[in-house]
1. What residue, among those in the stretch A:78-101 that are surrounded by fewer than 19 Cβ atoms within 10 Å (Cβ to Cβ) and within 25 Å of residue A:44 (Cα to Cα), is farthest from the chain's Cα centre (by Cα)?
2. Just to be sure before I move on: is residue B:176 in a strand (DSSP E or B) and loosely packed, with under 10 Cβ neighbours inside 10 Å in the structure I sent?
3. Looking at the stretch B:63-86, which of its residues are at pLDDT 90 or above and either more than 10 Å from chain A (Cβ to nearest Cβ) or touching a helix residue (DSSP H, G or I) at 6+ places or on another chain (Cβ under 6 Å) (or both)?
4. In the stretch A:121-131, how many are crowded, with 16+ Cβ neighbours inside 10 Å and assigned to a loop (DSSP other than H, G, I, E, B)?
5. Based on what the data block shows, is residue A:148 modelled with pLDDT under 90 and over 19 Å from residue A:58 (Cα atoms)?
6. State which residue is farthest from the other protein chains (Cβ to nearest Cβ) when the search covers only the stretch B:152-170 and only residues that are in a loop (DSSP other than H, G, I, E, B) and surrounded by 11 or more Cβ atoms within 10 Å (Cβ to Cβ).
7. So which residues in the stretch A:13-66 are part of a helix (DSSP H, G or I) and more than 26 Å from residue B:153 (Cα to Cα)?
8. Is it the case that some residue within the stretch A:62-72 is more than 8 Å from chain B (Cβ to nearest Cβ), at pLDDT below 90, under 30 Å from residue B:127 (Cα atoms) and within 21 Å of the chain's Cα centre (by Cα)?
């Protein structure tokens, strides 16, 4: 005959230590990304390191920090009153991300304020919740797998991966 | 057959008709084997076949998902193969510096590290003072009004998403006429 698990509080069957896993103050749900973008690579890299330092100074939980592949652009200027190309530039946009988890509710404002105050010239910052698309853009798409998934979707009629972009 | 034929065709026309004309068919001509009646498939069998197909697809997907997806390369972090090959050629012999320059540089590094550490300490002090003030205010609020304190501790969902535009070094030029041009994306495409 086994006795039911009862904690010292007596009200619940959950063990006591589960309470310790919960954060003591209300926190933001999910992971928060700090996305830094810029044309100047050294400046951006340094800025990412500054954000990491701010995270450690505010005692926030760093989840991950990663680079996202660059987006390159070709910029061409035309001669006046014509469409003959005058000058041509290659402008890549670099991207770095810092991900924080379990941000206390009262600290996010302070953190954003500090990021803004420490911002270097020419860096754009986006602070948003982490989504599956942020991982997807870093990965090489598996075309074979996608073809199989599409076949299965046609047969069963239910979408397998709702985040997959339609082709 | 001919006797039957002669019975119906009057004798005056009999010479005009060749012998072959005796084959008179009243039913339609078929130039191929008649179509077979389509067998009705058992619906249970059809369903089983579809299930088998689905299971096969699912197995294929599972096998492909076994290996993790590859990450795209980070172009700016990679050294080109050409440079890697030339690495040995690019090493250069540095001249021996006079001792006064060496010691000057060492001093410079020492001073710079002191400046940086003072800067770092200052910053840490400012941030911890900020946090201390915030905590003190929250403690006071807790005593004054626990309801308001709880509200202040809640995550503020209106803060994210948050966008900070890039700061520019110089203000935009007045009366600047931008040239006409084209802006095309040349990022490597991973889909055909």
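1. From the stretch A:78-101, those surrounded by fewer than 19 Cβ atoms within 10 Å (Cβ to Cβ) are A:78-93, A:99, A:101; that's our starting set.
Then drop every residue that is not within 25 Å of residue A:44 (Cα to Cα), which leaves A:88-93, A:99, A:101.
On the way: A:88: 33, A:89: 29, A:90: 26, A:91: 23, A:92: 20, A:93: 17, A:99: 6, A:101: 11 Å.
Among residues in the stretch A:78-101 that are surrounded by fewer than 19 Cβ atoms within 10 Å (Cβ to Cβ) and within 25 Å of residue A:44 (Cα to Cα), the one farthest from the chain's Cα centre (by Cα) is A:88.
2. Working: in a strand (DSSP E or B): no; loosely packed, with under 10 Cβ neighbours inside 10 Å: yes.
The answer is no for residue B:176.
3. B:81, B:82, B:83, B:84, B:85, B:86
4. Step one: list which residues in the stretch A:121-131 are crowded, with 16+ Cβ neighbours inside 10 Å, which gives A:122-127, A:130.
Remaining after also requiring assigned to a loop (DSSP other than H, G, I, E, B): A:122, A:130.
The qualifying residues number 2.
5. Working: modelled with pLDDT under 90: yes; over 19 Å from residue A:58 (Cα atoms): yes.
Yes.
6. Restricting attention to the stretch B:152-170, the residues satisfying the condition of being in a loop (DSSP other than H, G, I, E, B) are B:154-161, B:165-166, B:168-170.
Filter once more, so that each one left must be surrounded by 11 or more Cβ atoms within 10 Å (Cβ to Cβ): B:154-157, B:159-161, B:166.
Details: B:154: 5, B:155: 4, B:156: 7, B:157: 8, B:159: 6, B:160: 6, B:161: 4, B:166: 5 Å.
Applying the filter and picking the extreme gives B:157.
7. A:41, A:42, A:43, A:44, A:45, A:46, A:47, A:48, A:49, A:50
8. no
The values are calculated or read from the model by the stated rules, or taken from the named source; none is laboratory data. Because the structure is predicted, anything quoted here is derived from the model rather than measured. Methodologically, a virtual Cβ is constructed for each residue, glycine included, from the backbone with ideal geometry; neighbour enumeration extends over all protein chains shown.
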